[in-house]
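S.K.: Okay, here's the structure, questions in a sec.
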Amino acid sequence: MILRYVHYFLAVAEHGSFTRAAAALYVSQPALSQQIKLLEQTLEVQLFDRTGRTVRLTDAGKVFQRHARQAINELEAGARAVLDVEDLSRGHVRLGLTPTYTPWLAGPLLAAFWQRYPGITLAVSEGTQGQIEQQLVNDELDIGLGFAGDHAAELSATALMQEGLVLVVSKDHPLAGQEQLALTALAGQPLVLLDRSFSTRVEIDQQCRTQNVSLNLVMETNTLGAILALVQRAPLASILPDTLAQAHDALCTLELSPPLSGRTGVVLTRKNSHHAAAAALTEVLSHVLGELKVRQHGH
């Protein structure tokens with residue numbers, strides 16, 4: 001049913017006259033009458049009694065008027081809601097991020113976004129890169145934070161930052177204070193690493209195999225928090241993204257020589273998607289990353 005028919009019907013019902021309704025709508029009376037007839041044919045019911053001096057609603061017309069007004073009100077409310085979303089006074093966005101972002105980026109990002117857009121609700125979940133990409137494809141997420149690579153064809157990836165891999169130790173560790181460690185020296189250094197469900201671990205293993213470096217792995221876990229707590233309390237080291245390591249003042253970082261190559265952090269979205277709140281979140285994200293980079297250099 002064409003929405004115009006409904007507007008015309010309500011105008012005739014309000015004015016009780018095709019002539020007055022046509023004038024209010026700036027259409028000709030014959031054109032208006034034809035539109036109402038088409039509406040009645042579509043509904044297969046007569047909406048107006050045209051036998052008297054004035055046009056009156058039939059019983060069916062009164063029922064339809066009540067629903068038509070409700071429908072128009074809902075559509076107008078929908079239009080206002082769209083405007084609210086576009087001007088970012090209201091809305092909802094679903095964010096997914098891989099675990100290595102959570103300890104250092106989630107807090108500053110979510111706080112900054114809420115302070116800037118308090119009317120937008122935000123649902124945040126953590127998952128592997130594969131899980132995040134599948135959720136984006138299934139329209140279960142609006143935006144994802146992951147890393148560059150081979151992505152699903154339905155997704156677009158926008159480069160966000162460069163991330164390197166460094167050796168991480170506590171301030172009491174024998175290696176603390178050194179700026180660099182030979183990659184081959186890792187064979188004699190007890191390590192606690194993320195398990196192979198993390199892309200970080202996969203990258204570490206691949207690069208070490210390529211350079212014929214053996215790792216002295218004594219512990220592995222799928223919990224970043226456990227690694228950070230353990231490294232601070234025991235003479236163990238870990239290999240972690242520099243963005244994560246530099247966010248913890250209780251830890252020291254050492255460059256590896258030759259270095260383990262880093263990776264590119266990306267924002268993942270569905271192609272051709274238009275989501276005002278997700279775009280606003282991306283903008284805040286870039287600003288927060290800039291601030292964190294300034295603070296790290298300041299240290």
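S.K.: Being loosely packed, with under 13 Cβ neighbours inside 10 Å and modelled with pLDDT of 85 or more narrows it down to one of 51, 58, so name that one.
M.R.: 51
S.K.: What number goes with the only condition from (1) touching a strand residue (DSSP E or B) at 6+ places or on another chain (Cβ under 9 Å); (2) surrounded by fewer than 13 Cβ atoms within 10 Å (Cβ to Cβ) that residue 94 does not pass?
M.R.: (2)
S.K.: Another question, if that's okay. Among all residue pairs at least 6 apart or on different chains, which show Cβ distances below 7 Å where the first residue, located in segment 280-291, is within 19 Å of residue 119 (Cα to Cα) and the second is modelled with pLDDT of 90 or more and assigned to a helix (DSSP H, G or I)?
M.R.: These pairs meet every condition: 281/113; 284/109; 284/112; 284/113; 284/116; 285/109.
S.K.: Turning to a different aspect of this structure: Under the condition of being among the hydroxyl-bearing types (Ser, Thr, Tyr) and modelled with pLDDT under 95, which residue from segment 108-155 is nearest to the chain's Cα centre (by Cα)?
M.R.: 121
S.K.: Does any residue of segment 101-117 turn out to be outside the structural domain of residue 144 (by TED's automatic domain parsing) and of a type in the set (Lys, Arg)?
M.R.: Looking through segment 101-117, none of the residues is outside the structural domain of residue 144 (by TED's automatic domain parsing) and of a type in the set (Lys, Arg).
S.K.: Could you go through segment 165-188 and let me know if any residue there is of a type outside the set (A, V, I, L, M), at positive phi and either crowded, with 18+ Cβ neighbours inside 10 Å or within 15 Å of the chain's Cα centre (by Cα) (or both).
M.R.: No: segment 165-188 contains no residue that is of a type outside the set (A, V, I, L, M), at positive phi and either crowded, with 18+ Cβ neighbours inside 10 Å or within 15 Å of the chain's Cα centre (by Cα) (or both).
S.K.: Contact list please: Cβ distance under 9 Å, first residue in segment 255-279 and over 17 Å from residue 146 (Cβ atoms), second residue surrounded by fewer than 16 Cβ atoms within 10 Å (Cβ to Cβ) and among the acidic types (Asp, Glu), pairs at least six apart or on different chains.
M.R.: 255/179; 276/86; 276/87
S.K.: With respect to residue 149, is the statement that it is of a type in the set (Gly, Ala, Ser), exposed (fewer than 13 other Cβ atoms within 10 Å of the Cβ) and in contact with a Cys (Cβ under 8 Å, 6 or more places away or on another chain) true?
M.R.: The answer is no for residue 149.
S.K.: Still on this model: So which helices (runs of 4 or more DSSP H) are wholly in segment 1-117 and hold at least 2 residues that are over 30 Å from residue 242 (Cα atoms)?
M.R.: Ranges flagged: 3-15, 18-25, 29-43, 59-86.
S.K.: Would segment 38-60 turn up any residue that is in the same structural domain as residue 76 (by TED's automatic domain parsing), among the aromatic types (Phe, Trp, Tyr) and under 20 Å from residue 76 (Cβ atoms)?
M.R.: Taking every residue of segment 38-60 in turn, none turns out to be in the same structural domain as residue 76 (by TED's automatic domain parsing), among the aromatic types (Phe, Trp, Tyr) and under 20 Å from residue 76 (Cβ atoms).
S.K.: For residue 110, state whether it is surrounded by 13 or more Cβ atoms within 10 Å (Cβ to Cβ), free of Cβ contacts under 8 Å to residues at least 24 places away in the same chain and out of contact with any helix residue (DSSP H, G or I) (no Cβ under 6 Å at 6 or more places or on another chain).
M.R.: yes
The values are calculated or read from the model by the stated rules, or taken from the named source; none is laboratory data. As the structure is a computational prediction, the values presented were derived from the model and not from experiment. All Cβ positions, glycine included, derive from the backbone under ideal geometry; neighbour counts span all protein chains shown.
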